[in-house]
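Data block below; observations after.
We did not get these values from a lab; they are worked out from the coordinates using the rules stated. Since the model is a prediction, treat every value here as computed from it, not as a measurement. No Cβ is skipped: glycine too gets one built from the backbone with ideal geometry, and neighbour counts run over all protein chains shown.
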Amino acid sequence: MVLVFCCKDASDVKNISLFMRNLHGIGGNILLISLLAHLCVEFFRGEYKRPGELVWVNSIFLWLLVCLSFVTGTILIANSSAQKTLEMFFMILRKFPLAGPYFYTLLQSDSPSVLWHRFYVLHICILPLLSMFVLFFYIWLVYRKSVSLSESKKP
């Protein structure tokens with residue numbers, strides 16, 4: 001909001017909002033790619049082995065939450081690509097074992113407005129809160145793992 005007061009006219013506000021939207025999209029791509037690179041590095045280092053199994057599972061869950069956030073953000077753009085992403089998302093969700101059909105009926109709607117609002121709430125509220133919880137748990141597990149490893153190496 002501070003940037004809006006520094007603008008001289010409406011075109012400056014439009015340019016700033018376009019810049020922030022693009023920054024949000026590029027930041028999401030960078031986050032997704034950096035998490036995938038981190039997972040690959042940790043996999044090749046063998047961090048999924050004992051005693052890091054829970055850390056590994058937690059990091060996979062965090063990556064899946066970021067992927068889901070990426071998909072919901074893509075759907076919120078509301079263009080032809082978003083329509084194809086939505087159709088593919090629902091197709092995958094219907095075939096997902098156990099909880100997939102439940103979430104499909106929960107998210108599905110006849111009204112595009114209701115559907116858009118559900119994905120908006122999912123993208124803005126639910127997924128960031130879940131991601132923060134999983135990230136804090138991940139940091140706590142890494143801290144706990146490193147403390148236990150340093151204590152076990154003491155003579």
* the range 81-96 - phi-based ³J(HN,Hα) in whole Hz, Karplus 6.51/-1.76/1.60, Gly and Pro as x -> 5, 5, 5, 5, 5, 5, 4, 5, 4, 5, 5, 5, 5, 5, 8, 5
* Asked: Considering every pair of different Cα atoms, what Kirkwood radius, in Å, is found for the chain?
  -> 18.5 Å
* **Distance (nanometres) between label positions extended 7 Å along Cα→Cβ at ASN79 and ARG21** => 0.9 nm
* If you stretched the chain out fully between PHE137 and CYS125, how much longer would it get, using 0.36 nm times the residue separation minus the C-alpha to C-alpha distance? -> 2.5 nm
* Structure fact -> Distance in nm between GLU42 and ASN29 label points, each 7 Å along Cα→Cβ, equals 2.5 nm
